[in-house]
Amino acid sequence: MRLWTKLVDEGLHVDSRTIGQCVAMRFVIREADPATIKKHYDAMPDEVRRDNDLINNEKGVDSPLLPGAVRRFKRTFYDIDRALADSPWLAGNTFSLADISLVVYSSRMESFQLAGLLDELPRL
């Protein structure tokens, strides 16, 4: 269970943010008041997150960060699908924190315009 939840902490969440910024949020940012956006990013304490957001908002689907994020996101979901071949749950015979922590990312597939990927993953 810890290995699955560790995926979220060590990259899946960041990859999810990258995809979300490139695909959806960049449009919101472009329509927002520039002074409000500047204030938001100036106040952001995490420099890496801020820098990544700025790149992703500017470049959108052409962001250099997007291909790696999509590749890692897909690999995680293929791994999940393979794990579900052995059990209806990720960490054994019962519903666990592993399932809870990853379900939010599977539900975001539609908003990322990646819902078609789920067709390839029958157990997911």
Excluding residues fewer than 8 positions from Lys38 in its own chain, the lysines with Cα under 26 Å of it are Lys59
Contour minus Cα-Cα span, Ala85 to His13, at 0.36 nm per residue, comes to 23.5 nm
When the chain is treated as a Gaussian network with springs between alpha carbons less than 10 Å apart, the largest mean-square fluctuation among Ile100, Ile80, Ile55 is found at Ile100
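So if R0 is 41 Å, what FRET efficiency would His40 and Lys74 give, r being the distance between their Cβ atoms, rounded to the nearest 0.05?
That gives a FRET efficiency of 0.85.
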Quick calc: nm separation of the 7 Å Cα→Cβ label points for Ala115 and Lys6 -> 3.5 nm
Once Ser96 and Asp33 are pulled to full extension, the length gained, defined as 0.36 nm per residue separation minus their Cα-Cα distance, is 18.5 nm
Placing one equal point scatterer on each C-alpha of the chain and summing with Debye, one gets log10 I(q)/I(0) at q = 0.19, 0.20, 0.21 Å⁻¹ equal to -1.03, -1.10, -1.17
When the chain is treated as a Gaussian network with springs between alpha carbons less than 10 Å apart, the largest mean-square fluctuation among Phe112, Phe27, Phe73 is found at Phe27
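Bear in mind that the values in this text are calculations on the coordinates, not laboratory data. Since the model is a prediction, treat every value here as computed from it, not as a measurement. All Cβ positions, glycine included, derive from the backbone under ideal geometry; neighbour counts span all protein chains shown.
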